[in-house]
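Input: one structure, supplied below.
FYI, it's all coordinate maths here, none of it is from the lab. Just so it is clear, the model here is predicted, and its values are computed rather than measured. Cβ placement follows ideal geometry from the backbone for every residue including glycine, while neighbour counts extend to all protein chains displayed.
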């Protein structure tokens with residue numbers, strides 16, 4: 001049975017994308033922590049509190065930690081009408 005061929009360029013591109021997203025998670029989590037809005041996740045005794053823990057989690061289990069980070073940082077959209085200044 002023939003084995004499927006793996007394109008080394010596609011593998012390299014995917015690796016670069018994963019590392020770039022992991023770096024973004026670390027930088028963003030660090031910036032959030034510096035603004036006193038740390039991004040933290042906990043479930044029972046499992047907790048991810050620091051930017052470094054987020055980065056390592058994303059490196060090891062990207063498919064779980066990146067969506068978890070994005071959902072943890074998402075804020076409800078502000079009311080655009082309330083933010084508008086009166087035109088008068």
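Given contacts defined as C-alpha pairs under 8 Å and at least six residues apart, what's the relative contact order of region 1-73, whole-number percent?
Relative contact order of region 1-73: 28 percent.
Something else: Counting other C-beta atoms within 10 Å, which of 72, 5 has the fewest, and how do the rest follow?
5, 72
While we're here: Can you put 44, 22 in order, fewest other beta carbons within 10 Å first?
Numbers: 44 5, 22 21.
Ascending number of Cβ neighbours within 10 Å: 44, 22.
Which order results if 46, 41, 65 are arranged by neighbouring Cβ count within 10 Å, fewest first? Don't skip to the answer; put the middle values down first.
Details: 46 7, 41 16, 65 22.
Fewest-to-most Cβ neighbours within 10 Å comes out as 46, 41, 65.
Relative to 2.2 N^0.38 Å, what does the C-alpha radius of gyration of region 1-57 come to as a ratio? Two decimals please. Present the calculation step by step, with values, prior to reporting the outcome.
Working: Rg = 16.7 Å, N = 57, 2.2 N^0.38 = 10.2 Å.
So the Cα radius of gyration is 1.63 times the expected 2.2 N^0.38 Å.
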